[in-house]
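Notes follow the structure.
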Amino acid sequence: MRRIVLLAIVGATILFGGCDWAGRTRSGNSSIDSNLEWRPYTGSARSGVMAYQIGDDSIRIQFRNQRVYTYSGKRISPDKIEHMKRLAVAGHGLNTFINQNPDVRHGFDQE
């Protein structure tokens with residue numbers, strides 16, 4: 001039964017576009033200037049994070065799979081956004097933090 005409901009939700013999302021209920025929107029304004037230079041993430045070679053951009057109230061992260069996600073205070077606590085920024089600059093723990101906090105892992109604004 002759960003699979004049927006999940007498939008129905010996924011199908012409707014694909015059919016009608018967007019899925020804000022999951023923290024993912026296909027469009028929307030990012031508070032990060034698209035002209036900002038990507039900073040390389042200096043963490044472990046095993047980290048899933050490659051690079052990042054920091055905005056006033058958001059952070060954009062490029063992962064090793066080449067996907068880019070924008071996280072902001074719209075969907076995640078501003079304290080957690082600030083913590084993510086500190087981890088990015090320090091080059092340690094960002095990927096772990098994202099994976100260990102479901103509200104962060106699923107709370108990105110756009111992909």
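Count of region 42-75 residues, restricted to those that are closer than 16 Å to LEU87 by Cβ and among the basic types (Lys, Arg), is 2.
Listed by first and then second residue, the pairs linking a residue in region 87-111 that is more than 14 Å from SER72 (Cβ to Cβ) to a residue that is part of a helix (DSSP H, G or I) and of a type in the set (S, T, N, Q), with Cβ atoms under 7 Å apart and 6 or more places separating them unless they lie on different chains, are ARG105/ASN99. Filtered by the rule that a residue be among the aliphatic types (A, V, I, L, M) and without any contact (Cβ under 8 Å) to a residue 40 or more places away in the chain, region 34-86 gives LEU36, ALA45, MET50, ALA51, ILE54, ILE59, ILE61, ILE76, ILE81, MET84.
One line per residue, one yes/no per condition, for (1) more than 12 Å from the chain's Cα centre (by Cα); (2) buried (at least 17 other Cβ atoms within 10 Å of the Cβ); (3) closer than 15 Å to ALA51 by Cβ:
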residue	(1), (2), (3)
ARG67	no, no, yes
TYR71	no, yes, yes
SER77	yes, no, no
MET84	no, yes, yes
VAL89	yes, no, yes
ASN95	no, yes, yes
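Considering ALA51, ALA88, ALA45, the condition of being out of contact with any Phe, Trp or Tyr (no Cβ under 8 Å at 6 or more places or on another chain) and hydrophobic (A, V, I, L, M, F, W, C) is satisfied by ALA45 alone.
No value in this document is a laboratory result; all are computed from the given coordinates. Nothing here was measured: the structure is a model prediction, and the numbers come from that model. With ideal geometry, Cβ positions are generated from the backbone for all residues, glycine too; neighbour counts draw on all protein chains shown.
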